[in-house]
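The block underneath contains the structure these notes are about, expressed in structure tokens.
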Amino acid sequence: MSTFDEILPDLTKIFNPFQEDVTKMKPVLVNRDLNGRVRLIVDEKWEENEHQHIVLDEMASKINEELGSHAYPAKQAVLFEPDIDDFLKRESCFQLEGISDVFVIDRLAVEGNWSRISDLTASVPRTVFFSIKGGVGRSTALAATAWALAEQGKKVLVLDLDLESPGLSSALLPEDRRPFYGITDWLVEDLVNNGDVVFENMVATSALSHNGEILVVPAHGANPGEYIAKLGRVWMPKIDSDGKRHSWSDRLRRLLDALEARWQPDVTLIDSRAGIDEVASACITELSASTILLFAIDGDQTWSGYRVLFQHWNRTGVVRDIRERLQIVGAMIPEVGTEEYVDGLLERAWDIFSEELYDEVPAGKISGEDSVWSYDQFDQSAPHYPWEVKWHRSFAVLKSLHGRLKDIDPEMVKVLFGPLIAGVELSIEIDGGSQ
Ligand SMILES: Nc1ncnc2c1ncn2[C@@H]1O[C@H](COP(=O)(O)OP(=O)(O)OP(=O)(O)O)[C@@H](O)[C@H]1O
Ligand SMILES: [Mg+2]
């Protein structure tokens, strides 16, 4: 009897001898439902075709035999669709590994499937700060980066999308500067077409910026109000008057586009939630961010988490659409044993990038040639080569980050966050040039 992880490899084995028939009927869809049970969907014209009907029965019995509880009884295992191509257009799916013309439709109980990679169509360069584990200094690093970019005269829009444990806004805004509303308020008001009422009052300027500007959009306003009741609704999809469905991440995307159009920033920095989470999925894959920073402290949990993500992108066939946006950031690099620690971090990052993301470069070929995407382990411009953020005791004992940043020492910021700031700057330049 198979368990969940065996479903896809077993299906590849089952379909292998049927490749010719599958190609004839193409596409053959595998629907893996919310409970993890599998059925086939094919065009209804095959229902009346005697030969194909026999083949479909054979496939269904084989699936039932191999997958057991993860299959439907053979008699209910095939669904016929009136217009399969039209049906396919409405679904997101990926090819079953090793079998042409078989596509898997994977139904999840959550919206975020980590595989809908949006094109880079945003008019402002967007950078997402993400980490597999929480508490690695992500929000602090974002605040320092926003400050440094503003010091150079840039207008920086900052979004706190760590809705479930917001923290960024308190780093950049003292109590008395918080705006009246936040992202959560807009997402809830938008459900009843009332977003405009809060839109102008959800952004505040940080007093930390002198030359440029830091515009902060917090998760909630100065008074969180009924935050739990609102948070429980932000994930709602919205059906518009034409009956079109807009997922919560579509709505978030619309908000971000509107904020950028209204405030005209040079760059947008987004604090995502940590871990393999619904908000993080939207931030990383659906907001057209051109730079996705993957904060990493060296440890098994970090690397196994990133490996899960990278393997998912491989399995669902989207890895090429996202891999060039990724960049590892070495978080909280210790003061003692620094060199050894950084070497270890680089080695582990190289291991998973080379095993899961980089193309295998044929001998004698230079990377970059013939759209082969790969880097040398020690190439400092490589996405696996960590941009370093140093641990420092003055940040470790902080009660109020805003207090710390208020008396900010530019030299200190440079020492602790220099490579990260330089990296983000460069990515904005590259991105700004291409937009
Ligand atoms: N470079 C640093 N050196 C030492 N301590 C730091 C550094 N950066 C942040 N800290 C401290 O580590 C703690 C967590 O920082 P921060 O809130 O920025 O992390 P985070 O990754 O955003 O966490 P979360 O996942 O909870 O949002 C805070 O107490 C902060 O003051
Ligand atoms: Mg944080």
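Only the coordinates and a few stated rules stand behind these numbers; no lab work does. Everything numeric here is computed off the predicted structure, so don't read it as measured data. Here Cβ is always computed from backbone atoms with ideal geometry, including for glycine, and neighbour counts include all displayed protein chains.
Observations on the model:
- Estimated 222 nm signal from helices in the chain, with DSSP H stretches of n ≥ 4 weighted -39500 (n - 2.57), rounded to 500: -11500 deg cm²/dmol
- The chain, relative contact order in percent, only Cα pairs under 8 angstrom and at least six apart counted: 17
- Each Lys and Arg Cβ is given +1 and each Asp and Glu Cβ -1; about its Cα centre, the chain then shows a dipole of about 1300 debye.
- Separation of the alpha carbons by more than 20 angstrom is noted, of LYS89/LYS244; LYS26/LYS244; LYS45/LYS244; LYS24/LYS45, for LYS26/LYS244; LYS45/LYS244.
- Fewest neighbouring Cβ atoms within 10 Å first, the residues VAL158, VAL30 line up as VAL30, VAL158.
- Amide proton proximity set for TYR72, modelled H, under 5 Å, gap of 5+: VAL38
- Per-peptide average of other Cβ atoms within 10 Å, ordering 236-249, 287-300 highest first: 287-300, 236-249
- Scattering profile of the range 267-345 at q = 0.17, 0.21, 0.27 Å⁻¹ [log10 I(q)/I(0), Debye over alpha-carbon scatterers]: -0.76, -1.06, -1.44
- For the chain, the longest principal axis of the Cα atoms and the long axis of helix 248-263 meet at an angle of about 40 degrees.
- Gain upon complete extension [GLU91, ARG107; 0.36 nm per residue less C-alpha separation]: 4.8 nm
- Charge dipole (debye, nearest 20) of the range 279-358; +1 at Cβ of Lys and Arg, -1 at Cβ of Asp and Glu: 500
- Hits among lysines - C-alpha to C-alpha of LYS155 under 24 Å, sequence gap 8 or more where chains match: LYS406, LYS414
- Shape class of the range 4-106 from the Cα gyration tensor (axes a ≥ b ≥ c, square roots of the eigenvalues): rounded, since a/c falls below 1.5.
- Simple Cβ-charge dipole of the range 4-106, Lys/Arg +1 and Asp/Glu -1, about Cα centre, in debye nearest 20: 180
- Listed residue (ASN314, SER381, MET412) projecting farthest to the positive dipole end of the chain, Cβ model: MET412
- Counted by neighbouring Cβ atoms within 10 Å, the residues CYS283, CYS93 run from fewest to most as CYS93, CYS283.
- Percentage of interatomic Cα-Cα distances in the chain larger than 32 Å: 45
- Amide H contacts of SER209: ILE214, each under 5 Å away and 5 or more positions distant or on a separate chain (H built 1.01 Å from N in the peptide plane; Pro and chain starts excluded).
- Simple label model, 7 Å out from Cα along Cβ direction - ASN49 to GLN380, nm: 6.0
- Positive-end ranking of ALA146, ALA122, VAL158 along the dipole of the range 93-190, with charges on Cβ about the Cα centre, is headed by ALA146.
- Gained length - LEU120 relative to HIS392, 0.36 nm times residue gap less alpha-carbon distance: 94.4 nm
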